[in-house]
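Right, one structure below, let's go through it.
The values are calculated or read from the model by the stated rules, or taken from the named source; none is laboratory data. Keep in mind that what you see is a predicted model, and the values were worked out from it rather than measured. All Cβ positions, glycine included, derive from the backbone under ideal geometry; neighbour counts span all protein chains shown. Ligands, DNA and RNA are stripped out before the accessible areas are found, and what is left, the full protein with its side chains, is counted by its heavy atoms. Shrake-Rupley method; radii C 1.70, N 1.55, O 1.52, S 1.80 Å.
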Amino acid sequence: MRIVIKVGTSTLAYPTGLLNIRRVEDLCRVMSDLKNEGNEVVLISSGAIGMGVGKLGLGKRPSDIPTKQAAAAVGQCELMYTYDKLFGEYNHTVAQILLTGEDVENEKRCTNFHNTMFRLLELGALPIINENDTVATDEIVIGDNDTLGAIVAKNIDADLLVLLSDIDGLYTADPRKHADAKLIPVVEALTPDILSLAEGKGSDLGTGGMKTKLRAAQIATEAGMDMIIANGQDPMILYKIIDGEPFGTRFIGTKKG
Ligand code: GLU
């Protein structure tokens, strides 16, 4: 299987912006194992800004753009250093790809991206993708890694997109506000009722929320693949998800004609 796994800042780092070492170690071990099993794995990793906040001791996510971009520049190094080290322990080679909205909209750049991705997968490398936050300004920004994950998954014709977050899946209402909210295990179609469930923003250090996840679901399912939202707290669930066991919320891809 060709699997794209997106990991949010809230899964990778503590609210301090410092790395959740145990979590990231578990994630890299499971993803390495999935590769050893014969799957192709692509990682969409957030956390550059969050980790930059931690490393620069900023205390909280900056609101001005230059500081955000500076934090991303510092944090992206920290992220890749960590992935290179941890995947290296299992003999896997990582590759960094940083994209902006312009890169995926411009046909030539998008073809270059596509070709590089396929070559990397043929070479057995593990591409790790993030938005190029240092140069992405309002006009060219994709803006969130849920959407970026779906765009990448579509571009490389993936079999499955998994969004790992700090929430168990899509609920009938925002579970942080409504105690009686129920998890929806399967979404067959993105009806207006389903789309209206996208209440609320994500964590303080990250960008996404349910809205961006449903936008990603739209792109992924229209491209014909299933997408899953699951809690990244325990990376071992990736095994079950890939085996098709019910976990989180599965959005069913519309069959390719
Ligand atoms: N590119 C951002 C970062 O690495 C994250 C975007 C997102 O969380 O969706 O911090």
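Observations on the model:
- Taking a straight Cα-Cα cut-off under 18 Å and skipping sequence neighbours fewer than 8 places away in the same chain, the lysines within cross-link reach of LYS213 are LYS6, LYS154, LYS182, LYS201.
- Among THR111, THR9, the order of accessible area from largest down is THR111, THR9, computed with a 1.4 Å probe on protein heavy atoms.
- Estimated vicinal HN-Hα couplings, Hz - the range 176-193 in sequence order (Karplus 6.51, -1.76, 1.60; Gly, Pro = x): 6, 10, 10, 5, 8, 5, 10, 6, 9, x, 9, 10, 7, 8, 7, 6, x, 4
- Amide H partners (placed H, <5 Å) of VAL94, local residues excluded: LEU126
- The largest accessible area among SER63, SER45, SER196 belongs to the first residue in SER63, SER196, SER45, and the rest follow in falling order (1.4 Å probe, all chains).
- Built amide H within the under 5 Å cut-off of LEU170, gap 5+: ILE184, THR249
- Dipole magnitude for the range 208-257: about 260 debye, using +1 per Lys or Arg Cβ and -1 per Asp or Glu Cβ, origin at the Cα centre.
- The GluC sites (Glu not before Pro) of the range 1-99 meeting both criteria, a DSSP state outside H, G, I, E and B (loop) and at most 12 other C-beta atoms within 10 angstrom of the site's C-beta, are GLU37.
- Loop-located chymotrypsin sites (Phe, Trp or Tyr not before Pro) across the range 81-119 with a Cβ neighbour count of 15 or fewer within 10 Å are TYR90, with loop assigned by DSSP.
- Computed about the Cα centre, the dipole magnitude for the chain is approximately 240 debye when only Lys and Arg (+1) and Asp and Glu (-1) carry charge, each at its Cβ.
- Dipole of the range 1-138, positive end: most advanced residue of THR67, ASN39, LEU98 [Cβ charges, Cα centre]: THR67
- Close amide-amide hydrogen proximity is noted between ILE44 and ILE5, LYS6, VAL7, ILE129, each under 5 Å apart and 5 or more residues distant or on a separate chain (H modeled in the peptide plane; Pro and chain starts excluded).
- In units of the compact-protein estimate 2.2 N^0.38 Å, the chain shows a Cα radius of gyration of 0.94.
- Low-density loop cleavage sites - trypsin sites (Lys or Arg not before Pro) in the range 103-192, where at most 16 other Cβ are within 10 Å (DSSP): ARG176, LYS177, LYS182
- Using Cβ point charges alone (K and R +1, D and E -1), the dipole size of the range 51-134 about the Cα centre works out to roughly 240 debye.
- All-pairs Cα distance distribution in the range 104-257, expressed in whole percent, bin size 5 Å: 2, 8, 17, 21, 21, 16, 10, 4, 1, 0
- Contact order relative to length of the chain, as percent, for alpha carbon pairs under 8 angstrom and 6 or more apart: 23
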